[in-house]
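The block underneath contains the structure these notes are about, expressed in structure tokens.
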Amino acid sequence: MPNRNETGYTLPGKAESYWVATTPESNYPALSGDIRVDVAIIGGGIVGITSAFLLKEAGVSVAVIEADRILRGTTGHTTAKITSQHNLIYDSLISELGRGQAKQYADSNQAAIDKIEYIVRSWNIDCDFSYKPAYVYAGSEASAQKILDEVRAARSLGIPASFEGDLPLPFKTYGSVRFSHQAQFHPRKYLCALAREIEGDGCHIYEKTRALGIEGEGPVIVKTDRGNIKAENIIQATRFPIVDKPGELFKKLKQSMSYVLGAYIEEPFPEGMFINAEEPARSLRSQPTEKGEMVLVVGDGHHAGYGNPTHEHYGHLEDWVRSVYRVRSIDYHWSTEDVVPEDNVPLIGRLTPDSEHLYLATGFKKWGMTAGTAAAMILTDTILGRDNPWTEVYDPSRSRQESQFSMEDVSGIEPGQGTVIEKGEEEKVAVYRDPQGVLYTLNPACRHMGCTVSWNDAEKTWDCPCHGSRYNARGEVIYSPAVYGLLEKRIRGQDKKPYSYTRDTS
Ligand code: FES
């Protein structure tokens, strides 16, 4: 049973990230005086270290500066899944950004897996790298349709995705989406090896060196508390950019906390990495250790500053893992903060459209091993003047087109009523308000061949005039030839949680 006392939870195990605890502390010098390099990189996490490694490989001189010690921040406290499976995302990316940009997201993350594997193999890095399938499972019946939608969406983008019914997990699941050819590793073993390759030949890593500001325009100067670095280009690889020229980026980013336990269990752990599709998140993966296979139990995330007392989050995870496995011991616990962008897509590229020399990468929302590696690949290509096919989706200056519909447009729809609302020739939304007042908003394009469905008030269904597909009021298929349900289409002012519809109380 959990170790509790009267005042609350007693945190289980050592309060340290396993990755940090099992690798030596780095000891790079602080900057001393002024230097000049081709590229200055602020931040010694996976983006900074990988970018420096790739740029040096291309013959560019680099300097990485880190306010504390490298690889001890978010990168040192990750779950270290190397995967393009960022929970359920591709169905909504296609719906919100279109197939082209959704494919850029998928391709860049798939390429990052290959890149990490290539570096591990080519540099013979001993970092516990192994291929594992990744699964998102439905933990409730309500999520089952979302799993099917995700399988179809991911496959349509070229990801090796499939549906799996039965998972070797000790609790009931309702189907899962499986991505093959995903991987896991020990992130600090991998990145400390990359850092060792960076030092020398005019390239540097400086620790205990804090960036204070950026001045100039090509060359640019990074002012630090230990001296200045003059460079042609600067990458801000910090969680929040220290320079936010338009003052807009901070508004697009939120902080999210999550919690990790390192547990040893009696049962053999199945092959794979697992996460549920619901809240609160419950993620599982194993890690080979000297004591045997350790299971990383991750979840209970919340926006920073809005959670319960920390003890309770660890306690929830501990209760849960003990309810599903026979736990021998919990040896580690740690937490981490991730940056989550408002549209769920990282920001990678030029700080502004006109900033020729200032770049940034942030907002990996807990999937930084692959997204951070993809960021390093994109920034390296951009700085070297090489074409990169994934820049558009991550452009920090993007403005996503807002829905043309607002809650005001649907305020006249009575409980039990449905209708398709139009604005101009193209913009349409299918709206249904159920008898309890809950609002459902859908893209009215039929999932067979795209005709616009219409509301059948007698049967409370969405009917397609072209080949007879019919959907229930929530958009789920009841008659083929359509196989998939109508896509959700959010409107301004609506709750942003997918499939959690806003109850309009106005
Ligand atoms: Fe709707 Fe064919 S387009 S049924």
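Could you say whether any residue in segment 367-388 is in a strand (DSSP E or B), charged (D, E, K, R) and surrounded by fewer than 20 Cβ atoms within 10 Å (Cβ to Cβ)? Scanning segment 367-388 turns up no residue that is in a strand (DSSP E or B), charged (D, E, K, R) and surrounded by fewer than 20 Cβ atoms within 10 Å (Cβ to Cβ). One residue is enough: does segment 463-473 have a residue meeting the conditions surrounded by 17 or more Cβ atoms within 10 Å (Cβ to Cβ), among the aliphatic types (A, V, I, L, M) and within 16 Å of the ligand (Cβ to nearest atom)? No; the residues of segment 463-473 include none that is surrounded by 17 or more Cβ atoms within 10 Å (Cβ to Cβ), among the aliphatic types (A, V, I, L, M) and within 16 Å of the ligand (Cβ to nearest atom). Taking first residues from segment 273-301 that are among the acidic types (Asp, Glu) and partners that are outside any strand (DSSP E or B), the Cβ contacts under 7 Å between residues at least 6 apart in sequence or on separate chains come to 278/139; 278/140; 278/143; 293/269; 300/280; 300/313; 300/316; 300/317. Of all the listed residues (22, 75, 50), the sole one being under 21 Å from residue 204 (Cβ atoms), modelled with pLDDT of 95 or more and β-branched (Val, Ile, Thr) is 50.
Pairs meeting the criteria (first residue in segment 442-462 and free of Cβ contacts under 8 Å to residues at least 24 places away in the same chain, second residue more than 10 Å from the ligand (Cβ to nearest atom) and assigned to a strand (DSSP E or B), beta carbons under 7 Å, at least 6 apart or on different chains) are 461/472; 461/478. Checking the structure you have, find out if any residue of segment 323-336 is touching an Asp or Glu at 6+ places or on another chain (Cβ under 9 Å), without any contact (Cβ under 8 Å) to a residue 60 or more places away in the chain, assigned to a strand (DSSP E or B) and surrounded by 15 or more Cβ atoms within 10 Å (Cβ to Cβ). No, that holds for no residue.
Residue by residue, here is whether (1) β-branched (Val, Ile, Thr); (2) closer than 30 Å to residue 161 by Cβ holds:
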{"residue": "60", "(1), (2)": "yes, no"}
{"residue": "69", "(1), (2)": "no, no"}
{"residue": "79", "(1), (2)": "yes, yes"}
{"residue": "89", "(1), (2)": "yes, yes"}
{"residue": "104", "(1), (2)": "no, yes"}
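Give the residue that is farthest from the ligand (Cβ to nearest atom), with candidates limited to residues of segment 411-453 that are hydroxyl-bearing (Ser, Thr, Tyr) and either at pLDDT below 90 or more than 24 Å from residue 91 (Cβ to Cβ) (or both). That would be 411. Just one of the numbered conditions (1) part of a loop (DSSP other than H, G, I, E, B); (2) in contact with a Ser or Thr (Cβ under 9 Å, 6 or more places away or on another chain); (3) more than 10 Å from the ligand (Cβ to nearest atom) is not true of residue 481: (3).
Does at least one position in segment 418-440 carry a residue that is loosely packed, with under 14 Cβ neighbours inside 10 Å and among the polar types (S, T, N, Q)? Checked segment 418-440: at least one residue is loosely packed, with under 14 Cβ neighbours inside 10 Å and among the polar types (S, T, N, Q). Every condition in (1) touching a strand residue (DSSP E or B) at 6+ places or on another chain (Cβ under 9 Å); (2) part of a helix (DSSP H, G or I) is met by residue 101 except one, and the failing one is (1).
Scanning segment 449-460 for residues that are crowded, with 18+ Cβ neighbours inside 10 Å and either out of contact with any Leu (no Cβ under 8 Å at 6 or more places or on another chain) or part of a strand (DSSP E or B) (or both) yields a total of 1. The set of residues in segment 230-279 that are of a type in the set (D, E, K, R) and in a strand (DSSP E or B) comprises 230, 232, 254.
For segment 194-219, a residue qualifies if it is more than 15 Å from residue 70 (Cβ to Cβ) and within 31 Å of the chain's Cα centre (by Cα), and the qualifying residues are 212, 213, 214. On the stretch given as segment 438-458, residues that are acidic (Asp, Glu) and closer than 17 Å to residue 427 by Cβ total 0.
The values are calculated or read from the model by the stated rules, or taken from the named source; none is laboratory data. Remember, predicted model here, so these are calculated numbers, not experimental data. Neighbour counts are summed over all protein chains in view; Cβ atoms, including those assigned to glycine, are modelled from backbone coordinates with ideal geometry.
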